[in-house]
1. Residue by residue, what Karplus-based ³J(HN,Hα) values in Hz, rounded to whole numbers, does the stretch 134-139 have, using 6.51, -1.76 and 1.60 with θ = phi - 60° and x for Gly and Pro?
2. Is there a pair in K87/K109; K87/K168; K164/K238; K87/K155; K147/K209 whose C-alpha atoms are over 30 Å apart, and which pairs would that be?
3. Determine ³J(HN,Hα), in whole Hz, for all residues of the stretch 146-151 in sequence, where each value follows from phi through the Karplus function 6.51 cos²θ - 1.76 cosθ + 1.60 and θ = phi - 60°; x replaces Gly and Pro.
4. Determine ³J(HN,Hα), in whole Hz, for all residues of the stretch 74-89 in sequence, where each value follows from phi through the Karplus function 6.51 cos²θ - 1.76 cosθ + 1.60 and θ = phi - 60°; x replaces Gly and Pro.
5. For a quick protection proxy, order the peptides 74-81, 173-180, 116-123 by their average other-Cβ count within 10 Å, most packed first.
6. Can you list residues whose amide H is under 5 Å from Y219's amide H, if they're 5+ apart or on another chain and H is modeled 1.01 Å from N?
7. Using DSSP to call loops (not H, G, I, E or B), can you name the GluC sites (Glu not before Pro) in the stretch 205-245 whose Cβ has at most 13 other Cβ atoms within 10 angstrom?
8. Distance in nm between label sites at S69 and F241, each 7 Å beyond Cα in the beta-carbon direction?
Amino acid sequence: MKKKFIFLFLCCIVLTACSVPSRIQHSPSYHKERATNLTPKKEIPNDFFPIDINIVSIGDSLTLGVGDSTNRGGYLPYLVKLLNKEKQIRNIETSNYGVRGHRSDQLLKRLNREEIQKDIINADAVIITVGGNDVMKVVREHYLHLKLKYFTEQKIEYENNLNKMITKIRSLNNDADIYLVGLYNPYSKWVATLRELDFIIEDWNMSIKKMTNSYDDVYFVEIEDLFNNSKENVLFEKDYFHPNDRGYELMAERIFLRFKEETMLNSAEAAGRR
C-alpha cells in the first residue's frame with residue numbers, strides 16, 4: 001500500500017504547483033499586490049484519488065467460513081460491504097484460502113503453493129486466522145490430564161510458525177499490511193471443565209499481540225471479547241464452536257476498525273489531505 005500513497009502524495013504536489021498562476025512568477029509588483037489576497041484551497045476530498053484494494057485471506061475454518069449460512073466466506077463478504085461504503089475505495093478484490101481444521105504448521109506449508117504466492121505478491125492486505133486448532137490439538141491429546149506445560153510447549157511452536165509465516169509473506173510482498181486475527185474460547189459459556197481455557201487463550205493472544213508489535217505494518221485484531229462477553233448468540237448452533245452469521249459480521253467490523261485505525265484507510269485520507 002505504501003507505494004500507492006507515495007504516488008498519490010506526488011500527484012498532490014504536482015497539482016498544487018500547477019494551480020499557481022504563471023504571471024505571478026514574472027511580475028514582482030503583481031506578486032506583492034496579490035499575495036495578501038491568496039486564500040488556501042479547500043482540502044482535497046478523500047475520494048479525489050480512488051484506490052483499489054486487494055485482500056488475501058488465509059487460515060483455518062474462520063477464514064473458510066464454517067458456520068456461515070450463506071456459504072459466501074465467513075467474515076470476508078461483511079468486510080467487503082463495509083469497505084465499499086468508503087468513498088475513496090474504487091474496487092475490492094478478494095481471495096479466500098481457508099481450510100477447515102488447519103493448524104499453524106499446516107498453513108505455513110500451504111504458503112509454498114504457487115497460486116497463494118501469486119495472490120500475496122499482489123495483495124494490499126493479508127488477513128490470517130490460525131491458532132484455534134493448535135490449542136485444540138493439546139485439548140484432544142491431553143483431555144484427561146490437561147496441564148499448563150502442554151499449552152506452553154504448543155504455544156512456542158505456534159509462535160515460531162507465525163514468525164515464519166510473516167517472514168515468508170514479507171519475502172513475497174514487502175508492502176502489504178498483515179493482520180493476525182486473535183483467538184477466542186468457544187467453550188467459555190457452555191463447558192465448565194474447559195472454562196480454564198480463557199486463561200490459555202488470553203495468554204496466547206498476548207503473545208500474538210507482542211509479536212505484531214515487533215514488525216512494521218503487522219497488526220493484531222482482537223476478537224476474544226466478541227465471543228466471551230457477548231449477550232448475543234454469536235456461535236454456530238450445530239457445533240457451538242464456529243461463529244454464526246452474526247459472529248462473522250462482528251469479526252468483520254473489528255477487522256474493518258483495524259483498517260481504519262492503523263493502515264490503508266487512514267493512509268488514503270492522509271494522502272488526500274496532502
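Throughout, read-outs are computed from the coordinates displayed, never taken from laboratory work. Because the structure is a prediction, the values reported are computed rather than measured. Note that each Cβ is placed from the backbone with ideal geometry, even for glycine, and that neighbours are counted across all protein chains shown.
1. These are the phi-based 3J(HN,Hα) values: 5, 5, 5, 4, 5, 4 Hz.
2. Values: K87/K109 38 Å; K87/K168 33 Å; K164/K238 34 Å; K87/K155 41 Å; K147/K209 24 Å.
Distance filter (> 30 Å) returns K87/K109; K87/K168; K164/K238; K87/K155.
3. Whole-Hz 3J(HN,Hα) from phi for the stretch 146-151: 5, 9, 4, 4, 5, 5.
4. Once rounded to whole Hz, the list reads x, 6, 4, x, 5, 5, 4, 4, 5, 5, 5, 7, 7, 5, 6, 9.
5. Numbers: 74-81: 22.4, 173-180: 20.1, 116-123: 17.9.
For the peptides 74-81, 173-180, 116-123, the packing ranking is 74-81, 173-180, 116-123.
6. Here I178, Y179, L180 satisfy the definition.
7. Numbers: sites: E222, E224, E232, E237; in loops: E222, E232, E237.
Those satisfying the criteria are E232, E237.
8. Label at S69, label at F241, 2.2 nm between them.
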